[in-house]
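FYI, it's all coordinate maths here, none of it is from the lab. Please read these numbers as outputs of a predicted model, since none were measured by experiment. Counting neighbours? That spans all protein chains shown, and the Cβs are built from the backbone with ideal geometry, glycine included.
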Amino acid sequence: MEATATDLTQLRRGVVQHCVLALLAVEAQYSYDLVTALGAHPPLVTSEGTIYPLLSRLRRDGLVTTFLQGSDAGPPRRYYELTPLGRQRLAAFRTDWVAFRHATDAVLGTEEP
Amino acid sequence: MMTTTHPLAAAWLDRVDRLATGMPVERHHELLADLGDHLEQALGSDPSPAEIEAVLARMGDPADIVAAARDDLPPSPPLMAPTVVAEPDHVSTAEIVTLVLFVASGLLLVLWPLAVVAWVVAVVLLITKDRWEGVENLVALLLPFGFAVPWLFLGLGSLASQSCSGSQSFDEAGNLISSTPEVCTGGAPIWVGIGATVGAVALLLAAIWGVVWLVRRIHARYAPV
């Protein structure tokens, strides 16, 4: 039996935003590339369109910042990049996530053999 | 923001636009710009209807997107916010004026029109402001009597002092010619004068104690814990 949509929505809260931060940890990304990259992992997002409001919030929270860069194919493109605060938040989440995942697997009996 | 020319995509964006009505204008425009840019990028120059539908399917339901955008907004204040009347945290000017007027209405007894006005204003403030407890209201209402009645008592005391008058006339040789008996007026017993004075002082002290008691209670009510 699969988890209900509500269960997945609850699971995504607080996790997806850190996945966005992780995708930006290496280099700044064009918003379209960032969204399609995240959208390639269906359990993480309900749809590509819902990622934009998330990006907007991350920017308002100071975890990411944006800049426009010219493009040969059309108008300037909006790029997202991690801020120092976003990098700190990602590092902290990675540590917490490992402990959380191990504890959850131990309780659920879903540990890898 | 690029405006997509594909009818299906344009209709999809229009639906987002309509659903986002009421959002802050800046956020509304930003959302439409982001989604429009994404669609332009995903659709390319000449997509087939199937490709458009596939792209829109990946984008998701406009209602979900707008709902996600609204979730990120700070909560709006309720339309009918409950009216919360904050408790005052300091002695109000009205309280000070009320107390002063009650005292003044007693002290100004000799200027009774002023005393009446002061008392009426004080009572009105006491009723309308409604910041004191029952016993405090009672003490405040009694204050004018505490300051006014001693005046009456002192007047009563003055009646107790007798003044006597009489006259005698003598001739050149020093013989008594006529004599008018001494007549004393005022004649109240001396204990009345003493009693009135004691009563006046006692009432005055009680009134002063009432003022001090009220000031301390009001001050204690607003003193930081």
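Points worth noting:
- A:Asp72 meets all of the listed conditions (1) touching a strand residue (DSSP E or B) at 6+ places or on another chain (Cβ under 7 Å); (2) over 17 Å from B:Leu31 (Cα atoms) but one, namely (1).
- Considering the stretch B:190-211, and only residues there that are closer than 24 Å to B:Ala104 by Cβ and small (Gly, Ala, Ser), the residue that is surrounded by the fewest Cβ atoms within 10 Å (Cβ to Cβ) turns out to be B:Ala202.
- Just one of the listed residues (A:Ala37, A:Ala99) is exposed (fewer than 12 other Cβ atoms within 10 Å of the Cβ) and either small (Gly, Ala, Ser) or within 13 Å of chain B (Cβ to nearest Cβ) (or both), and it is A:Ala99.
- Subset of the stretch B:5-17 [part of a helix (DSSP H, G or I) and not basic (Lys, Arg)]: B:Pro7, B:Leu8, B:Ala9, B:Ala10, B:Ala11, B:Trp12, B:Leu13, B:Asp14, B:Val16, B:Asp17
- Scanning the stretch B:1-12 for residues that are more than 10 Å from chain A (Cβ to nearest Cβ) and in contact (Cβ under 8 Å) with a residue 40 or more places away in the chain, we see that the one that is nearest to A:Thr66 (Cα to Cα) is B:Ala9.
- Summed over the stretch A:58-113, residues that are of a type in the set (Val, Ile, Thr) and in contact with a Phe, Trp or Tyr (Cβ under 9 Å, 6 or more places away or on another chain) total 3.
- Within the stretch A:40-64, the set of residues being loosely packed, with under 15 Cβ neighbours inside 10 Å and closer than 20 Å to B:Ala69 by Cβ comprises A:Arg60, A:Asp61, A:Gly62.
- Selection count where residues are more than 10 Å from chain A (Cβ to nearest Cβ) and in contact with a Leu (Cβ under 7 Å, 6 or more places away or on another chain), scope the stretch B:35-48: 1
- Subset tally (residues that are part of a helix (DSSP H, G or I) and within 12 Å of chain A (Cβ to nearest Cβ)) for the stretch B:18-34: 10
- Single condition A:Leu21 does not satisfy, out of (1) at the interface with chain B (Cβ under 10 Å from one of its Cβ atoms); (2) closer than 20 Å to B:His38 by Cα: (1)
- Against the criterion of being facing chain B (nearest Cβ under 10 Å), among the polar types (S, T, N, Q) and in contact with a strand residue (DSSP E or B) (Cβ under 8 Å, 6 or more places away or on another chain), A:Ser56 does not qualify.
- Scanning the stretch B:49-66 for residues that are within 10 Å of chain A (Cβ to nearest Cβ) and surrounded by 14 or more Cβ atoms within 10 Å (Cβ to Cβ) yields B:Val55, B:Leu56, B:Arg58, B:Met59, B:Gly60, B:Asp61, B:Pro62, B:Asp64, B:Ile65, B:Val66.
- Taken residue by residue, the stretch A:68-86 has at least one member that is surrounded by 19 or more Cβ atoms within 10 Å (Cβ to Cβ), more than 14 Å from chain B (Cβ to nearest Cβ), in a helix (DSSP H, G or I) and touching an Asp or Glu at 6+ places or on another chain (Cβ under 9 Å).
- Considering each residue of the stretch B:39-51 in turn, at least one proves to be in contact (Cβ under 8 Å) with a residue 12 or more places away in the chain and in a loop (DSSP other than H, G, I, E, B).
- Residues that are in a helix (DSSP H, G or I), farther than 17 Å from A:Gln69 by Cβ and of a type in the set (Gly, Ala, Ser), drawn from the stretch A:1-45: A:Ala5, A:Ala22, A:Ala37, A:Gly39
- Pair list, Cβ under 8 Å, 6 or more apart: the stretch A:40-51 residue facing another protein chain (nearest Cβ under 10 Å) and touching a residue at least 12 places away in the same chain (Cβ under 8 Å), other residue buried (at least 16 other Cβ atoms within 10 Å of the Cβ) and part of a loop (DSSP other than H, G, I, E, B): A:Thr46/B:Gly60; A:Glu48/B:Gly60; A:Ile51/A:Val45
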